[in-house]
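Some notes on the structure that comes next.
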Amino acid sequence: MRKYWIHFSILFFCLFVSPTIHAQNVQLDSLRSLLSNSKSEERVDLLVELSFLLREINQAEAMEFAVEAEKLAIEIQDLPGESKAKENISWVYYRTGYWQKAFEYAEDAYQLSLEAGDELGAARVLNNMGALYYEQQNFRMAIRQFKRAYEISKNSDDLYTQIRSLNNVAFNYSQLGVLDSAMFFAQKAIQTNENAGSPYLTSFSNRVIGDVFLARGQLDSAETYFETSLDMARKQGISTTIASVIHRLGNTYIQLGKLNNAQEVLEEGIALSQAHNLRDELAKSHKYLAEVYRKRGDIPSAFDHQSLYLAINDSLVDKSNRDRMALMQGMFEQNLEKSELELLKAQNENQANKLDFIKKVVWIISIAAILIFGLLIWLFRLNRNVEKFNTELVKQQKLIEDQNSALEAKSAELEEINQTKNKLFSILGHDLRGPVGQVKAIVDLATTTHLNQDEFAELLNSMKKDLDTVHFTLTNTLKWSTAQMEGFKVFLTEFNLRDVVDTTISLLSTQIKAKNIEVLVHMPEKLPVYLDRDIMEVVVRNILNNAIKYSQNGKSIEVNVQEIDGVLNWCVKDEGTGMTPEQVKEILSSKISLTNSKLGTNREKGSGLGLQVCKEFIRMCDGELLIESELGKGSRFCVSIPDKLPKKLLDPVNS
């Protein structure tokens, strides 16, 4: 076993068992002093160790050591050292948000570990791969990687990787809402960790348990575990862990009514996050501090922190979406490249076999020339064989042509998806720029001009209308984007459909009153259904909003429901502008169709995403969207979805 593992064992004890930051700094200084006189593989080992210890504390310095280790390992052909260096580079890229580079280095590190027979290295790289799947929000695939890493490290007695893998499994289960499994794996990590005494890893485990108790509403237990986690993280001096625990503890204090405690820790979290450029933790600390000021009635301070939260969070969401799309595209291109290489390899091997066969045939013919009788027989047989192999060659050519056609079809599909993406961005830029600009103008006017109460109320009404437009467009966009992402699941629950309809009408009451529209609801007060509630809320809101948007002033809208043979038929009929048959056909087509939304009867704007979201979600529920419309007379939209909860409808109630 190389010196590296001896050093690593000593470092693991000193770094993770030591309760103070001072011991860690002493250890780092000791390694730096050894580095000056080291050469060859010993230097690679020291560089890898320094990079590993610094990658959660100082990413820039950790990257310098890792890059030097990678370069030296390549020069001396040290596969295990190169694998460990690339694994550290991958993790630093992951921590700094460069997910595509992290994925590329993790893939290289994993292949090198397999070539070198380094199972421990492979287990650590699997944790990096799992983290990247987590960033894609593919939590189940992430859990699969972490469990594989745990099994490998368990068989190899790698205690650190075991604990890290268990913690990651627990955290991803908490993201899925599978709280019992999250609790089980977090407690298992703590139990396994007792032999090592690692404050950082135990801190992470306690943080996950705190998340579970917070999700269950057990606030006192959540408070205890978050405080324990924070104390351990402070002793270790890991800024990322401290910041991630602080905003969780602040939220718990708020729910417990401990506003002073919440303010104290959240202000600490803001300062720490700003110092280390931890933008996600900074945004959440501002969010919860705004809630503290709101509960105290300090609206200006609450508004300031809420504004900071929204600004940081919007930039994080944009960056996260861009990075996630780049990572998914990189993974797709890499898999496509591998498939093409494998196809070319198979074709080359096939061609080589054919050439070898032809050589053998020529040799046989040359020998058979000596014997005339034998020559005639072999020529006859050879003719049959040649015909057979010519047929095979034709089949192979046809197969290659079919594969090329399939690749061209995929390319056309990707081009269509890219055009849809560009159109989506165009819609967002067009539909959001106007309302946001109006809101900014209103805010500028309010801050630079002394307004009386009536003027201010009028400005607030105008601002609310613009914000409602922005919120509705963003909600539809995010719902539609989520539906397009791999891994979206339908969660069936029992709920009262009438409540969803009444709540939606209440939310849209401003638009209804503005047009003096009468909404007639012919539905029972209690209508239990077994469907996905989130999906039905989006569908009901978009269809009712559409009916209001294109209805004339003083008209009426009818809402009714029927259930026939286990199929729920929920319909909305308006007396609006109606549509042509071509428009109806375009909306109901199976392709992604971001139509240009026309203005409403009061010149209301829209993105064209609403009906697309409805169509996608209804399809996921094995349902169907039906439209009957006549231009100038109105439209009737019906949602037909199988309902697995049998019941007898009561007499409808008008409201």
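The values are calculated or read from the model by the stated rules, or taken from the named source; none is laboratory data. Source: prediction; values computed, not measured. All Cβ positions, even for glycine, are placed from backbone atoms using ideal geometry, and neighbour counts span all protein chains on display. Side chains are part of the model used for accessible areas, which takes the heavy atoms of the whole protein and leaves out ligands, DNA and RNA. Shrake-Rupley method; radii C 1.70, N 1.55, O 1.52, S 1.80 Å.
Side notes on the structure shown:
- Between R95 and N353, the contour length at 0.36 nm per residue exceeds the alpha carbon distance by 88.0 nm.
- Listed residue pairs exceeding 32 Å between alpha carbons, taken from K398/K615; K147/K410; K84/K188; K39/K235; K359/K395; K513/K633: K398/K615; K147/K410; K39/K235
- Computed E for V67/E151 - FRET, C-beta separation, R0 35 angstrom, nearest 0.05: 0.65
- Kirkwood analysis of segment 118-222, using all unique Cα-Cα pairs, places the hydrodynamic radius at 13.5 Å.
- Accessible surface for segment 32-109, divided over its residues, is 42 Å² per residue with a 1.4 Å probe.
- Across the accessible surface of segment 32-109, with the other protein chains kept in place and a 1.4 Å probe, carbon and sulfur atoms take up 49 percent.
- The simple spin-label model puts a point 7 Å past each Cα toward its Cβ; for K526 and Q175 those points are separated by 4.1 nm.
- 3J(HN,Hα) along segment 551-562, derived from phi through the Karplus expression 6.51 cos²θ - 1.76 cosθ + 1.60 where θ = phi - 60°, amounts to 8, 7, 4, x, 8, 10, 10, 10, 10, 9, 9, 9 Hz, with x in place of Gly and Pro.
- Distance from segment 524-573 to segment 68-136 (C-alpha centre basis), Å: 52
- Full-extension gain in nm, L407 to Q191, via 0.36 nm per residue minus C-alpha separation: 72.6 nm
- Approximate spin-label separation L507-K585, in nm, with each point projected 7 Å along Cα-to-Cβ: 3.4
- Fraction of accessible area attributable to carbon and sulfur, segment 118-222 (%, probe 1.4 Å): 43
- Stretched out straight at 0.36 nm per residue, the stretch from Q218 to Q77 would grow longer than its current Cα-Cα span by 45.3 nm.
- If R0 equals 41 Å, the separation of the Cβ atoms of K398 and V567 corresponds to a calculated FRET efficiency of about 0.35.
- For segment 32-109, the Cα-based Rg and Dmax, in that order, read 11.7, 36 Å.
- Under 5 Å from the amide H of H522 lie the amide H atoms of V559, N560, each residue being 5 or more positions distant or on a separate chain, with H modelled from the backbone and absent for Pro and chain starts.
- Taking label positions 7 Å along the Cα-Cβ direction at both F389 and L492, the computed distance is 5.8 nm, reported to one decimal.
- Hull volume per residue, based on the alpha-carbon atoms of segment 489-642 and their convex hull, is 108 Å³.
- Computed over protein heavy atoms with a 1.4 Å probe, the carbon and sulfur contribution to the accessible area of segment 499-580 reaches 46%.
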